[in-house]
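Colleague: Let me give you the structure first, and then I'll get to my questions.
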Amino acid sequence: MELLPRGPAEFGSAPYWERFFRQRGQRPFEWYGAFPELCPVLRKYVRPRDKVLVVGCGNSELSEQMYDTGMCEDIVNIDISNAVIRQMQERSGNKRPKMSYLLMDVLQMDFPDAHFQVVLDKGTLDAILTDEEEATLAKVDKMFAEISRVLQVGGRYLCVSLAQAHVLKKAVEYFSQEGWVVRVHQVASSGDKQQFVLPIFVYVMTKFRKIPGSAPQILEICPEEQDKPMRVESAERLVAAVKDRQHYALLCSQLSKTPCGEQLSLDLCDKESGRPRYTLHVVDSPSVKPSRDNHFAIFIIPQGRETEWLFGTEEGRRQLAASASFRRLVTVALHREQHYEGMAGIQAELSGKVMELAPPGLPARQQVPFLSVGGDIGVRTVWHRDTSPLSGEYVVEDVKGDGTCYFRRLIFLCNRNVVQSEARLLAPVPLPGQKKRRKDKKKPSPIEPPAAIDKSYLCCEHHKAMVAGLCLLSGPDPLPGTPLAVLVVGLGGGSLPLFIHDYFSQARVAVVEIDPSMLEVATCWFGFFQGDRMRVHISDGLDYVAKLAAEAPAQYDVVMFDVDSKDLTVGMSCPPPAFVEKPFLQKVKTILKPEGVFVLNLVCRDARLKESVLATLRDVFPLLYVRRIEGEVNEILFCQPSLEGRRDPAELGACARALEGALQQSGRPWDSSYALADMLQAVKIL
């Protein structure tokens, strides 16, 4: 314990190191970074004929190992401790005639200018730069100035460091402002996590002549798994990139020792672009009984299915891990901006990285299985990408669902794990004269999905519930042939208003959409159209309803809100808060006919906010039903301006059954999954 300094400042004092090496004796002391780990990086920048200066050498074996392996021999070692210099002179003796040890302070060296091609520092900068006090920073400036003076142009300052943020930032800013090229290497780990958890870095600062004016900074980072450096645009980004790797090392260390109570999430980025390539979730299932083969598995989520409840929610992933019967399951989501070479390519790419997330107790050389649905990585084709001033960046993509069906989706990239709109695609129909593909011919490419929209199919469960709510209007008579005035606020891909238009032959549908880009998307990519019974009004829904309430009250049988909020800081993503404020809801009530129904898609994760919204709705609408969508946050609210139409769930189920029967007889395709009666039998009266 006597070897420990009384305070950080002692790391930079000669008396402390004199006492340290006298008490420690001849045993070599390595701060961090053994020679086998450092060697691959050092060989890139140290040539056999280089004249090398090692500052703050201590009694490390690094210089001796460089000499003995033939990396280089002309090495000068300096240190401020007289005791350690004598030790090292005795230890080397005549065995290494070209290597010398000198008592010298790195802050004031006796060497002539431009005397060395390499200056090597292992832990000395870390020892001196213990804080950001003015005196400490002045000492470091002096050290850097001396290193710069004794290095030749084209020479390299190699600094082995733990890369604390203030240390890295100081070094990068100083040398980049001097016009040097700065590169940071992460040293490949030896795999002994018990010895040292934090990763080790080597700063490589290459001296160039300073160009007058503002020359561009060249800052680069080399992660341990790749040789090719990645350019970064600022010192702050370089420090942040190093910090990410330090956090990852600490996370891996934690996961290797104890099960994680909460699910952990991390992104693995593309080496070239730096963009996220894989999103990993680590899920532990302590209730699974351990056996030899069920410690650890990797589950590749097929492309396009990462938004499904089983893969996209914490509870879904927990159920997936439990049903797979593995103690630790790592789910892997694939990003749409990236290209993947099949399951084998992903496995080869991820094998080394995911093993760093292995659980405690994994047997040595245990083969870790890669799992997926159907054994493939799915299909995702991005057909259209654009940016709207109102909705931000968005994509239209086709994905392969479970089985043989393809689906087209609209995704707002500000909330990329939420499907904004979805439509099922029809199987392709051969053109006249076109021959069917023979079975023995080459199979069609999986990236050629069918393109025609199946307008008869509602993909979203909440849309099915909203349609079922129309039976609140019907009474004893079915609705399909009854004239209806319907207002839908929020277009998206247009599947909800299209379905109402097609299946309710006398319905006149008005759609309000604030973003003209969405009308273009719905028309070009989701088969939406306008006609005598379907019109789209480009307007803010708040303004449109307010104007209707003032000019033409009581004209709509049905008003539907299916509009998302762009403010992700609020715990309610649908609708925007202004749409459920009392004065506006009173305007909605005004434009409804007395027997009409207001249908609201509510997505609210904030319990207090949701209770407040429900209380406001009850104040405005005397009759309120709610239908919760299983496995989703969505709740569909059916609001009526009068208590006269009140019915219990059984009556509603009967009405929905009658509506469903009438729709099935309309001659249009009908999917049994709609189950409108089941939708309404599960409602609750609030």
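Each reported figure results from applying straightforward, stated rules to the coordinates on display, with no laboratory input. As the structure is a computational prediction, the values presented were derived from the model and not from experiment. For neighbour counting, all protein chains shown are included, and Cβ atoms are generated from backbone atoms with ideal geometry for every residue, glycine included.
Colleague: Students often get this wrong, so try it: which of [x] 1.10; [y] 1.12; [z] 1.51 is Rg/Rh (Cα atoms, Kirkwood Rh) as calculated from the structure shown?
Modeller: Read-out from the structure maps to [y].
Colleague: Computed from the mean reciprocal separation of all distinct C-alpha pairs, what Kirkwood hydrodynamic radius does the stretch 325-428 have, in Å?
Modeller: For the stretch 325-428, inverting the mean 1/r across all distinct Cα pairs yields 16.4 Å.
Colleague: Exactly which GluC sites (Glu not before Pro) in the stretch 279-383 are in a DSSP loop and have at most 14 other Cβ atoms within 10 Å?
Modeller: E337, E341
Colleague: Give me the percent of DSSP beta bridges within the chain that run antiparallel, rounded to the nearest 5.
Modeller: In the chain, approximately 55 percent of DSSP beta bridges are antiparallel ones.
Colleague: Would you mind calculating the relative contact order of the stretch 490-562 from Cα pairs under 8 angstrom and at least 6 residues apart, reporting the percent as a whole number?
Modeller: 35
Colleague: Return the loop-located trypsin sites (Lys or Arg not before Pro) in the stretch 572-643 (DSSP other than H, G, I, E, B) with at most 13 other Cβ atoms within 10 Å of their own Cβ; answer none if there are none.
Modeller: Answer in residue order: R605.
Colleague: Please list the non-local residues whose amide H lies under 5 Å from the amide H of H384, H modeled 1.01 Å from N, same-chain partners needing a gap of 5 or more.
Modeller: Amide H to amide H, under 5 Å and 5 or more residues apart or across chains, H384 pairs with V396.
Colleague: Mind ranking 515-525, 534-544 by how tightly packed they are, going by the mean number of other C-beta atoms within 10 angstrom, highest first?
Modeller: Ranked from most to least packed, the peptides come out as 515-525, 534-544.
Colleague: To continue, here is another question. If one takes the longest principal axis of the Cα atoms in the chain, at what angle in degrees, from 0 to 90 and to the nearest 10, does the Cα axis of helix 14-24 lie?
Modeller: Helix 14-24 sits roughly 90 degrees off the main axis of the chain.
Colleague: With runs of 4+ DSSP H residues as the only contributors, calculate the mean residue ellipticity of the chain at 222 nm using -39,500 (n - 2.57) per run, divided by the residue total and rounded to the nearest 500.
Modeller: The helix-only estimate for the chain comes to -9500 deg cm²/dmol at 222 nm.
Colleague: So what J values fall out for the stretch 47-57 if you push phi through Karplus, 6.51 cos²θ - 1.76 cosθ + 1.60 with θ = phi - 60°, rounded to Hz, Gly and Pro as x?
Modeller: With the stated coefficients, the stretch 47-57 comes to 9, x, 8, 5, 9, 10, 10, 9, 9, x, 5 Hz.
Colleague: Next up: Using θ = phi - 60° and the Karplus relation 6.51 cos²θ - 1.76 cosθ + 1.60, list the HN-Hα couplings for the stretch 641-657 in order, rounded to whole Hz, with x at every Gly or Pro.
Modeller: With coefficients 6.51, -1.76 and 1.60, one gets x, 9, 7, 5, x, 4, 9, 7, x, 5, 4, 4, x, 5, 4, 5, 5 Hz.
Colleague: May I ask which of K142/K243; K464/K610; K95/K142; K566/K610; K44/K243 have a Cα-Cα span longer than 29 Å here?
Modeller: Beyond 29 Å between Cα atoms: K95/K142.
Colleague: Using only Cα atoms, what is the ratio of the radius of gyration of the stretch 258-371 to 2.2 N^0.38 Å?
Modeller: With N residues counted in the stretch 258-371, Rg over 2.2 N^0.38 Å equals 1.03.
Colleague: Could you tell me the center-to-center distance, by alpha carbons, between the stretch 292-338 and the stretch 143-164 in angstrom?
Modeller: The two parts, judged by their Cα centres, are 47 Å apart.
Colleague: How far, in degrees from 0 to 90, does helix 35-45 lean away from the longest principal axis of the Cα atoms of the chain, to the nearest 10?
Modeller: 90
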